[in-house]
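Report on the structure given below.
Nothing in this text is a laboratory measurement; each read-out follows from the coordinates by a stated rule. Everything quoted here is computed from the prediction, not taken from an experiment. With ideal geometry, Cβ positions are generated from the backbone for all residues, glycine too; neighbour counts draw on all protein chains shown.
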Amino acid sequence: MKTAVYPGSFDPITSGHLNIIRRAANIFDRLIVCVMVNAGKNPMFTLEEREALIRRVTTDLPNVEVDCSNELLADYARRRGSCVIVKGLRAGSDFENEFQMALVNRKLNPELDTMFLTADSRYMYLSSSMVKELGYYGAELSDFLPEEIIPDFQKKLGKL
Ligand code: ADP
């Protein structure tokens, strides 16, 4: 059974993330979406809230599991019996950083490979931080966030 891990901060999960999850779940037997604790970021949603939002939008995907971790990704993947990390690659900015992380993770865990799925053209420039910015200015969000979580997002912004 091939298990892959899709890590990220998912603050919150966007339609771009969900597109990667659906495609990766079609490729692997099991996909673990893991919300990683990132000390450098000041999140809008707590870890538990982010996990719950991901669970809600992936209920129709039986081989997707949602988890969170504050471990090194290379250690987490080893512990969960996964030898593949899935990453989404957007236009421009992602490449350098992701390339470096893939090499470091492989150094830390030589059995670990990173596979990149190219972002869908609709979501090529979409990031959680951009959605937060748009939300702040009251923009229409249905092209960027899964419908089921828009009320949670508006509530967090204090706009509901
Ligand atoms: P963000 O950069 O939006 O804060 P995360 O840190 O949660 O995102 O990203 C987790 C993973 O999802 C990374 O591999 C990132 O490149 C990928 N990703 C983020 N947004 C998109 C998108 N719109 N399309 C495809 N992949 C994406």
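Please determine whether any residue of the stretch 130-149 is loosely packed, with under 13 Cβ neighbours inside 10 Å, within 11 Å of the ligand (Cβ to nearest atom) and more than 20 Å from Asn38 (Cβ to Cβ). Within the stretch 130-149, none of the residues are loosely packed, with under 13 Cβ neighbours inside 10 Å, within 11 Å of the ligand (Cβ to nearest atom) and more than 20 Å from Asn38 (Cβ to Cβ). Please go through the stretch 123-158 and pick out each residue that is within 19 Å of Thr58 (Cβ to Cβ) and in a helix (DSSP H, G or I). Scanning the stretch 123-158 gives Tyr123, Ser128, Val131, Glu147, Glu148, Ile149, Ile150, Pro151, Asp152, Phe153. Checking the stretch 16-32 against the condition returns a match, with at least one residue being touching a residue at least 12 places away in the same chain (Cβ under 8 Å), in a strand (DSSP E or B) and buried (at least 19 other Cβ atoms within 10 Å of the Cβ).
Checking each residue in the stretch 79-112 for being surrounded by 14 or more Cβ atoms within 10 Å (Cβ to Cβ), over 16 Å from the mean Cα position of the chain (by Cα) and charged (D, E, K, R) picks out Arg80, Arg106.
In this structure, does Phe116 turn out to be within 14 Å of the ligand (Cβ to nearest atom), under 16 Å from Arg23 (Cα atoms) and not acidic (Asp, Glu)? Here the answer is yes, as Phe116 does meet what is asked.
When the stretch 7-33 is examined, which residues are found to be within 12 Å of the ligand (Cβ to nearest atom), within 14 Å of Gly88 (Cβ to Cβ) and in contact with an Asp or Glu (Cβ under 8 Å, 6 or more places away or on another chain)?
Of the residues in the stretch 7-33, the ones within 12 Å of the ligand (Cβ to nearest atom) are 7-24, 33.
Subset that is within 14 Å of Gly88 (Cβ to Cβ): 7-10, 13-24, 33.
Ser15, Gly16, Asn19, Val33 - these are the residues of the stretch 7-33 that are within 12 Å of the ligand (Cβ to nearest atom), within 14 Å of Gly88 (Cβ to Cβ) and in contact with an Asp or Glu (Cβ under 8 Å, 6 or more places away or on another chain).
Which one is nearest to the chain's Cα centre (by Cα), of the residues in the stretch 24-57 that are of a type in the set (Asp, Glu) and closer than 25 Å to Glu147 by Cβ? Step through it out loud before you land on a result.
As a first pass, look at the stretch 24-57 and keep what is of a type in the set (Asp, Glu): 29, 48-49, 51.
Now narrow it down to the ones that are closer than 25 Å to Glu147 by Cβ: 48-49, 51.
On the way: Glu48: 14, Glu49: 14, Glu51: 10 Å.
Per the stated criteria, the residue is Glu51.
Could you grab me the full set of residues in the stretch 48-88 that are under 12 Å from Thr3 (Cα atoms) and either hydrophobic (A, V, I, L, M, F, W, C) or part of a loop (DSSP other than H, G, I, E, B) (or both)? Asn63, Val64, Ala77, Arg80, Gly81, Ser82, Cys83, Val84, Ile85, Val86, listed by residue number. Scanning for something near the ligand (Cβ under 10 Å from one of its atoms) and touching a residue at least 24 places away in the same chain (Cβ under 8 Å), does the stretch 48-62 turn up at least one residue? Yes, because at least one residue in the stretch 48-62 is near the ligand (Cβ under 10 Å from one of its atoms) and touching a residue at least 24 places away in the same chain (Cβ under 8 Å).
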